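S.K.: Here's a structure for you.
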Amino acid sequence: MKKTIIGFISGALLTASFFVFIGAAETEEDSLHALLTRLEQFMRDEIGEKGEAGRYQLQSFSIDRTHWHYLLDTATGELFRLEPSRTPENGKWTLMSAANFERP
């Protein structure tokens with residue numbers, strides 16, 4: 001009986017310490033600001049590689065506490081919309097409108 005109680009207490013302490021270490025791990029910022037910062041850095045990297053300054057235009061607005069984000073690729077004329085997700089990290093850009101002109 002004594003070994004069972006000691007085993008149960010040891011198991012509970014190990015489980016509690018596991019949750020403490022998992023909870024103390026550094027989490028990635030998942031706010032909308034962090035998402036837009038990562039998007040901006042991605043676009044800067046893309047523009048830096050291709051040398052196409054001013055290629056993307058981002059439009060963000062909110063209606064009744066709903067946030068909408070659109071991205072226009074001025075080089076191709078494609079319009080993308082950020083699909084909302086419960087966590088900003090899982091939001092995906094989907095093509096709303098293909099190019100309405102052909103590139104030379």
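The values are calculated or read from the model by the stated rules, or taken from the named source; none is laboratory data. Note that the coordinates shown come from a computational prediction; the quantities given were computed from them, not determined experimentally. For neighbour counting, all protein chains shown are included, and Cβ atoms are generated from backbone atoms with ideal geometry for every residue, glycine included.
S.K.: Looking only at residues in the range 72-95 that are under 19 Å from L36 (Cα atoms) and in contact (Cβ under 8 Å) with a residue 24 or more places away in the chain, which one is surrounded by the fewest Cβ atoms within 10 Å (Cβ to Cβ)?
M.R.: Here the answer is T87.
S.K.: (1) of a type in the set (S, T, Y); (2) part of a strand (DSSP E or B); (3) modelled with pLDDT under 80: which one isn't true of S60, the others all being true?
M.R.: (3)
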